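The values are calculated or read from the model by the stated rules, or taken from the named source; none is laboratory data. A quick note: this is a predicted structure, and the numbers were derived from the prediction, not measured. Quick reminder, even Gly has a Cβ in these numbers, built from the backbone with ideal geometry, and neighbours come from all protein chains shown. Note: accessible area is taken over every heavy atom of the protein model, side chains too, but ligands, DNA and RNA are not part of it. Shrake-Rupley method; radii C 1.70, N 1.55, O 1.52, S 1.80 Å.
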Amino acid sequence: MRTWIVYFIACLLSLNTEAQDFKAGAARRLITPDPLLPVSGGIGTPQPATRKQGDLWVRAVVFEKNGTRVAVVSIDNLGWPSVLGNRARSLIGGIPPENILIAATHTHSGPDAYAFPNEKGQSFADMPYLDRCVRAMAEAVNEARTNLRPATLRVAVGEAKGQIAYNYYAPDLYDPRCGVIQALASTGPDVGKPIATLVNYAIHPEVIGSGRGILSPDLCGPLYDRIEANVGGVALFVNGAQGGMVTADNRRPEGKEANTWEECIRIGELLADEALRIIGSAPAQPNPSLTCATRSVTFPIESDVMKYIVKNSPLKYPVLPGDKVAAQVNLLTIGTAQVLTIPGEALPNIGFYLKRQMRATAPMLFGLTNDAFGYMLTKVDFRSFRRYDYISRTSLGENTAEIFMDEALKLIANAPAADAYR
């Protein structure tokens with residue numbers, strides 16, 4: 001009898017240990033420049049900023065399971081080149097560099113992180129500021145790793161309702177689905193409360209834009225504030241397949257657009273509320289799986305504009321022989337979610353296709369992650385319509401999306417399926 005009691009207790013302890021094996025931690029760092037810096041909405045000279053609306057942040061969440069650690073980082077900027085991301089990775093301990101996923105929110109009201117060169121080869125990026133952001137990013141991830149504690153996971157994907165986004169080129173051609181990954185404390189005084197809530201949605205945060213003299217996280221700032229005020233923890237936003245041209249729906253009935261901070265608040269809070277509604281009824285996953293596959297993908301630079309940028313930026317982008325660049329692509333599987341990273345701005349049809357191929361009930365795409373090499377459109381769309389002239393010109397080339405999709409499908413085929421999908 002005693003033997004059976006000891007065996008029963010041992011089993012309970014084993015189950016408890018297994019249930020607590022999944023951990024999560026989160027942290028953030030303020031990166032609002034003081035004094036303010038000019039803001040960049042894309043290629044060209046940054047525009048002076050005279051005031052700010054909201055603050056810019058680096059936000060990080062770290063997941064751990066059975067010795068595997070993965071960090072997801074979100075930074076309020078138009079994009080975050082791998083040159084800068086790799087500098088931050090070199091300052092982060094305890095996590096394999098290839099398991100650190102660095103995403104830009106794509107706000108069009110942040111300082112120039114690309115160091116875009118003008119026609120004379122001059123760049124107006126503030127290099128000391130970018131160095132501070134690199135250090136802040138590393139600090140946030142290192143703190144999040146230090147904050148790791150037993151956690152459970154909730155995952156959900158659902159349609160975000162209301163006036164949030166639309167496709168400027170063709171209003172209905174966008175993905176209304178919002179993915180949410182939420183880690184909850186499973187022990188301690190905050191048991192059941194969020195450690196981190198990550199919102200994944202495809203949208204251009206350009207309500208304010210770069211031409212109004214305002215430095216801002218755009219709609220992402222109010223989203224953070226709303227989530228953290230309602231449920232606590234650290235909120236993160238990671239963009240999706242928002243290329244060509246999925247933007248904030250700030251249209252007014254009279255045909256005008258509302259380009260105000262108040263509109264950022266309306267859209268950001270609405271998206272936050274929808275994300276919390278979507279995740280609200282999701283069941284807890286007490287011991288989710290965690291894997292992170294990585295692949296280096298090489299792209300030819302066919303665009304003269306993109307060649308000029310990568311060869312003349314003071315960031316000194318690594319250019320491979322034959323005018324090629326390499327980008328890190330990840331496939332993160334966490335619980336019932338599977339997340340594919342995109343090193344640029346993929347058009348919605350590419351996003352829909354890849355989500356259909358993913359082996360998960362909750363497929364998600366992290367756009368502008370690990371790099372942001374312009375737009376990705378299929379070769380049948382490339383320069384096919386006058387409307388696509390700009391995005392074709394600011395793409396690496398005609399075959400960029402084809403190369404990416406081929407490599408992504410290999411990642412998906414070779415990686416384990418998400419929980420509850422096997």
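Table for the structure above
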read-out	value
Selection from THR369, PRO38, GLY221 lying farthest towards where the dipole of the chain points positive, charges on Cβ	THR369
MRE, 222 nm, helices only [DSSP H, n ≥ 4, -39500 (n - 2.57), over the chain, to nearest 500]	-9000 deg cm²/dmol
Most mobile listed residue (PRO348, PRO363, PRO314) in the chain, GNM with C-alpha springs under 10 Å	PRO314
Size of electric dipole in segment 19-58: Cβ of Lys, Arg +1 and of Asp, Glu -1, about Cα centre, debye, nearest 20	60 debye
Neighbourhood net charge (13 Å Cβ-Cβ; Lys/Arg +1, Asp/Glu -1) for LYS52	-2
Highest-MSF residue in the chain out of VAL39, VAL380, VAL207 [GNM, Cα springs under 10 Å]	VAL380
Segment 274-422 - charge dipole about Cα centre, Lys and Arg +1 at Cβ, Asp and Glu -1, debye rounded to 20	80 debye
Size of electric dipole in the chain: Cβ of Lys, Arg +1 and of Asp, Glu -1, about Cα centre, debye, nearest 20	680 debye
Protein-only accessible surface order, largest first, of GLU139, GLU119, GLU263, GLU254 at 1.4 Å	GLU119, GLU254, GLU139, GLU263
GNM flexibility winner over the chain from SER281, SER210, SER313 (Cα, springs under 10 Å)	SER281
Cα lying deepest toward the dipole's positive end in segment 265-422, options ASN330, ALA346, GLY397, charges on Cβ	GLY397
Greater than 24 Å apart at Cα, pairs in LYS65/LYS324; LYS23/LYS193; LYS355/LYS410	LYS65/LYS324
Taking segment 243-336 and dividing mean pair separation by its residue count, relative contact order in percent (alpha carbons under 8 Å, at least six apart)	30 percent
With DNA, RNA and ligands ignored, accessible area of CYS133 (1.4 Å probe; Å², nearest 10)	0 Å²
Share antiparallel - DSSP beta bridges, the chain, percent rounded to 5	75 percent
TYR388, TYR421, TYR308, ranked by accessible area, largest first (probe 1.4 Å)	TYR421, TYR308, TYR388
Spatially proximal lysines relative to LYS120 (Cα-Cα < 22 Å; intrachain offsets below 8 disregarded)	LYS307, LYS311, LYS316
Average accessible area per residue (Å²) across segment 99-197 - probe 1.4 Å, nucleic acids and ligands excluded	37 Å²
Whole-number D in µm² s⁻¹ for the chain, Kirkwood Cα-pair radius fed into Stokes-Einstein, 25 °C, 0.890 mPa s	113 µm²/s
